[in-house]
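Undergrad: Handing you a structure now.
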Amino acid sequence: MTMFDVTKPETAVDQTDIKIAASNVQVFYGDTQAIKDVDVDIQDKTVTAFIGPSGCGKSTFLRCLNRMNDTIDSCRVEGRILLDEQDIYAPQVDPVQLRAKVGMVFQKPNPFPKSIYDNVAYGPKIHGMARTKGELDEVVEKSLRRAALWEEVKDRLDTPGTGLSGGQQQRLCIARAVATRPEVLLMDEPCSALDPIATAQVEELIDELKQRFSVVIVTHSMQQAARVSQKTAFFHLGNLVEYDDTNTIFTNPQDPRTESYITGRIG
Amino acid sequence: MTDQTNNTGFDWASPSFQSHMKKRRRSQIQLKLLGLGAIAIAFMMLMLLITSLVSTGYHAFTQTHLKVEVFLDPEHLDPAKPARGNYRQILTDTMKTQFPDVPDDRAELRKLTSILSNGAQFTIRDRVMENPDLIGETVQFNVPVADTYDQLNKGLIDPDTPEEYRRLKNDEIANFELLKDRGAITEPLNTALLTNADSRFPELAGLKGALVGSFYALLTCFLLSFPLGIGAAIYLEEFAPRNRVSDLIEININNLAAVPSVVFGLLALAVFLGWFGMPRSAPFVGGMTLALMTLPTIIIATRAALKAVPPSIREAALAVGASKQQVVFGHVLPLAMPGILTGTIIGLAQALGETAPLLLIGMNAFITSAPSTPFDSATALPTQIFIWADSPERGFVSRTSAAILVLLTFLIMMNAIAIFLRQKFERKW
Ligand SMILES: Nc1ncnc2c1ncn2[C@@H]1O[C@H](COP(=O)(O)OP(=O)(O)OP(=O)(O)O)[C@@H](O)[C@H]1O
Ligand SMILES: [Mg+2]
């Protein structure tokens, strides 16, 4: 047994469905390769954690999953990434639609400089998900409740989202991401700007979100990875070194690099 | 700490460190003084400019008037055609009654009527045309006096200079003093400076034509350069692929912003007037010319403002599935708007003060009525200043300064709006 609490009972949901299947993924920034030969299957209704030292390519790989890397001119992605058996890099796939299905929460809270309501309502609005104001109100409330923010902001929905505290902003961004009802939620170090209480709230939220979505979370906190995830992938220098049940990774890592990292010797 | 050295082994109290500190402090003070000195010099220059303008220009803000009773003699006026009356004769008669002692001699009478501005007859005519029932009555008028008498009243003609070098002879001065003693001379605010168009006579000359001309020119310039500039900037910044061609375009736009304005004037002369046969002196063409100059300024300002929008906002919008166009128009552009507006206003302020290109397309013509459409001939503020500065009449000296002050007021107002916008919409993310 390690210092990590991994005794959490496994959830009963069926975990064999593969939501995202990535094979042979290479990512280049100009001439430098940031991701080398990564194969990973991300399961549905599961929390998958990406861990690894800084600069190892966790964010880069995460951003491949919703084609956010398309916005970087120098970035080139090779290999195959299937979402529900559909190649997301196929020419007929519209990245705009893909990103509605694969939501993302960023490391730094980035609410729009608009009202709290408009922040959450933006996604459903542009996708035409709500036909009436009433429906939209409902979506906003539900999303804010899911992000554990409703009670704090229900009386000031028309105040700017940028006026919230850092932790509230991050939860607002989560509410914004879940409002479009994504099938996969990508979270890039969502708690790095949060205090322990807000972190606990977000973790609770992630636990709840996995009932419906597949959640992928990048984190530098191994305690967090151990607490929230069922699967863990360890990246090192652009390689996927080890990918297994979180339990196994933290208790019985196969690769010496994984072991050094989780015991604090590299990173 | 009592010990001189601490456990890092560095002696913070050593003489060499102390002298290093002193040097740093000294160079900081020097830099501060240098900055203060630069600001003081700039401020002095500005004060010098304003003082010299105000000290010559303030004379033009008042205008000497003569209050006279005018008998609207039915003998010279036809109620059916009030516009065709002999107003000159009416004025001569009026002045004759003012000076009963002066002999009834053509030359003497002309001297008396020349106290009045040439515009006096039009003031009376306008009043009669407005109300023809006045014919046959005696009405009090307050009419401007001629420029030389205005100068005399403002103390700009020295009665001690020998008579032959003076623009007013002794008897003319005596006549004026007589009117002054009767209390008929007043010096009200010179509203004509803003409400009259240009005139050969300084006492009648005003800036209305120039103000309207500048307004039309700026409006044209804004309507052309603002949408075009923003459109071009959005395309270049957000949509254009980064390659040789876009680099070339970028370099050329930056160069265009540095091209002397006279060149744009020549271009306009050759293309707008020469090829397309557009009217000379028209504010619309002036505005098009100014738009050529303002366009690169607006493009550069807009691109800078777009670039300043943090990428996190774009990513946030993209990540919820917004299309590129939705990101640009829904998020980036609104956030960049204050910067764009500031840049635009500064560009327009620059255009307002621009003279050379307008001279080349003939906006320095002598035009005595304000334009009623942007296609009529007109002047603009800076070209009007140019015309007045070139005029020999003494009255135009102070009017030139006054016109510059008016122009500066507009420039300051526009820059104040730019600052206001910038502070009001200070980045809120
Ligand atoms: N936009 C970019 N252009 C060029 N190189 C980049 C870019 N983004 C990332 N890289 C490079 O790709 C590699 C992986 O970066 P990435 O951001 O994915 O690391 P990370 O694992 O998320 O690190 P951290 O934990 O610090 O966030 C790094 O070497 C980085 O320098
Ligand atoms: Mg990262």
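Quick note: the coordinates plus some simple rules give every number you see, no bench work behind them. Since we're looking at a predicted model, the values are computed, not measured. Don't worry about glycine lacking a Cβ; one is built from the backbone with ideal geometry, like all the others, and counts go over all protein chains shown.
Undergrad: Using Cα positions and a limit of under 19 Å, work out the aspartates and glutamates in reach of A:Lys154, with same-chain residues fewer than 8 apart set aside.
TA: Filter leaves A:Asp118, A:Glu135, A:Asp137, A:Glu138, A:Glu141.
Undergrad: Enter the per residue convex hull volume of segment A:2-151, computed from alpha-carbon coordinates, in Å³ rounded to the nearest integer. Intermediate results must be reported in sequence, preceding the final value.
TA: Values: hull volume 28.2 nm³, N = 150.
Residue-normalised Cα hull volume stands at 188 Å³.
Undergrad: For chain B, what's the relative contact order in percent, using C-alpha pairs closer than 8 Å and at least 6 residues apart?
TA: Working: 570 pairs, mean separation 79.6, N = 429.
Relative contact order for chain B comes out at 19 percent.
Undergrad: Another question, if that's okay. Over the alpha carbons of chain A, what is the largest minus smallest coordinate on each principal axis, giving the biggest first in Å?
TA: 54, 45, 34
Undergrad: Just want the answer: with Cβ charges of +1 for Lys and Arg and -1 for Asp and Glu, which residue in B:Tyr216, B:Gly330, B:Met414 is farthest toward the dipole's positive end in segment B:208-425?
TA: Among B:Tyr216, B:Gly330, B:Met414, the one farthest towards the positive end of the dipole of segment B:208-425 is B:Gly330.
Undergrad: Let me ask something additional. Taking only the alpha-carbon positions of the protein assembly as shown and ignoring solvent, what does the Debye formula give for the base-10 log of I(q)/I(0) at q = 0.11 Å⁻¹?
TA: With one equal scatterer per Cα and no solvent, log10 I(q)/I(0) is -1.14.
Undergrad: Next question, about the same structure. Seen from all sides and averaged, what is the projected area of the convex hull of the Cα atoms in segment B:10-114, in nm²? Intermediate results must be reported in sequence, preceding the final value.
TA: Details: hull surface 62.8 nm².
Spelled out: convex hull of the Cα atoms, projected over all directions, averaged, 15.7 nm².
Undergrad: Report, in deg cm²/dmol and to the nearest 500, the calculated mean residue ellipticity at 222 nm for chain A, where each DSSP H run with n ≥ 4 adds -39500 (n - 2.57) and the sum is divided by the residue count.
TA: -9500 deg cm²/dmol
Undergrad: Give the Rg/Rh ratio for chain B, taking Rg as the radius of gyration of the Cα atoms and Rh as the Kirkwood radius, to two decimals. Each step should come with its number before you reach the end.
TA: Details: Rg = 31.4 Å, Rh = 26.9 Å.
Reported Rg/Rh, Kirkwood definition of Rh: 1.17.
Undergrad: List the aspartates and glutamates whose alpha-carbon lies under 17 Å from that of B:Lys22, not counting same-chain residues fewer than 8 positions away?
TA: Partners found: B:Asp11.
Undergrad: Quick check on chain B: helices-only [θ] at 222 nm, where DSSP H runs of length 4 and up contribute -39,500 (n - 2.57) each and the sum goes over total residues. Nearest 500, please. Provide the component values of the computation, followed by the final result.
TA: On the way: 17 runs with 249 residues, N = 429.
Counting only the DSSP helices, I get -19000 deg cm²/dmol.
Undergrad: What are the principal axis extents of the Cα atoms in segment A:65-175, in Å, biggest first?
TA: Sorted largest first, the three principal extents are 48, 31, 20 Å.
Undergrad: Which Rg and Dmax, in Å, describe the Cα atoms of segment B:65-188?
TA: Rg and Dmax of segment B:65-188, Cα atoms, are 15.3, 51 Å.
Undergrad: Two decimals, Cα atoms only, Kirkwood Rh: what is Rg/Rh over segment B:312-367? It would help to have the intermediate numbers written out before the result.
TA: Numbers: Rg = 19.9 Å, Rh = 14.4 Å.
Rg/Rh: 1.38.
Undergrad: Sticking with this one: How about segment B:118-182: which GluC sites (Glu not before Pro) there are in a DSSP loop, with at most 14 other Cβ atoms within 10 Å of their Cβ? Kindly include the intermediate steps, with their values, before the conclusion.
TA: On the way: sites: B:Glu130, B:Glu137, B:Glu163, B:Glu164, B:Glu172, B:Glu177; in loops: B:Glu137.
Qualifying residues, ordered by number: B:Glu137.
Undergrad: Please state, to two decimals, what the Cα-based radius of gyration of segment B:275-334 comes to when divided by 2.2 N^0.38 Å (N = residues). Don't skip to the answer; put the middle values down first.
TA: On the way: Rg = 18.3 Å, N = 60, 2.2 N^0.38 = 10.4 Å.
Cα-based Rg divided by the globular estimate yields 1.76.
Undergrad: In Å, what is the Rg of the alpha-carbon atoms in segment B:328-398, and how long is Dmax?
TA: 17.9, 58
Undergrad: Angle between the Cα long axis of helix B:120-130 and the longest principal axis of chain B, 0 to 90 degrees, nearest 10?
TA: Long axis of B:120-130 versus the principal axis of chain B: about 90 degrees.
Undergrad: Which is farthest toward the positive dipole end of the protein assembly as shown among B:Gly155, A:Tyr117, B:Pro311, measuring Cα position about the Cα centre, with Cβ charges +1 (Lys, Arg) and -1 (Asp, Glu)?
TA: In the protein assembly as shown, that residue is B:Pro311.
Undergrad: In debye, nearest 20, what is the charge dipole magnitude of the protein assembly as shown about its Cα centre with +1 on Lys and Arg Cβ and -1 on Asp and Glu Cβ, if you could check?
TA: Numbers: 67 positive and 76 negative charges, 185 e Å.
Result for the protein assembly as shown is approximately 880 debye, rounded to the nearest 20.
Undergrad: Sorted by average packing, counted as other Cβ atoms within 10 angstrom per residue and highest first, what order do A:37-43, A:121-127 take?
TA: Working: A:37-43: 17.9, A:121-127: 20.9.
The peptides rank, most packed first, as A:121-127, A:37-43.
Undergrad: For the pairs A:Lys101/A:Lys210; A:Lys58/A:Lys114; B:Lys208/B:Lys424; A:Lys45/A:Lys231; A:Lys58/A:Lys125; B:Lys67/B:Lys96, note any where the Cα-Cα span goes beyond 22 Å. Mind dumping the intermediate values first?
TA: On the way: A:Lys101/A:Lys210 15 Å; A:Lys58/A:Lys114 30 Å; B:Lys208/B:Lys424 33 Å; A:Lys45/A:Lys231 11 Å; A:Lys58/A:Lys125 31 Å; B:Lys67/B:Lys96 15 Å.
Violating the 22 Å limit, Cα to Cα: A:Lys58/A:Lys114; B:Lys208/B:Lys424; A:Lys58/A:Lys125.
Undergrad: Separate question: Using only Cα atoms, figure out Rg for segment B:159-233 and give it as a multiple of 2.2 N^0.38 Å.
TA: On the way: Rg = 22.9 Å, N = 75, 2.2 N^0.38 = 11.3 Å.
Compared with the compact-globule rule of thumb, segment B:159-233 sits at 2.01.
Undergrad: I'd like the orientation of helix B:395-424 relative to chain B: the angle between its Cα long axis and the longest Cα principal axis, in ° from 0 to 90, rounded to 10.
TA: That helix lies at roughly 30 degrees to the long axis.
Undergrad: Over the Cα atoms of segment B:208-425, what is the Rg over Rh ratio if Rh follows Kirkwood? If you can, show how the numbers build up before the last one.
TA: Working: Rg = 19.7 Å, Rh = 18.7 Å.
Here Rg/Rh amounts to 1.05.
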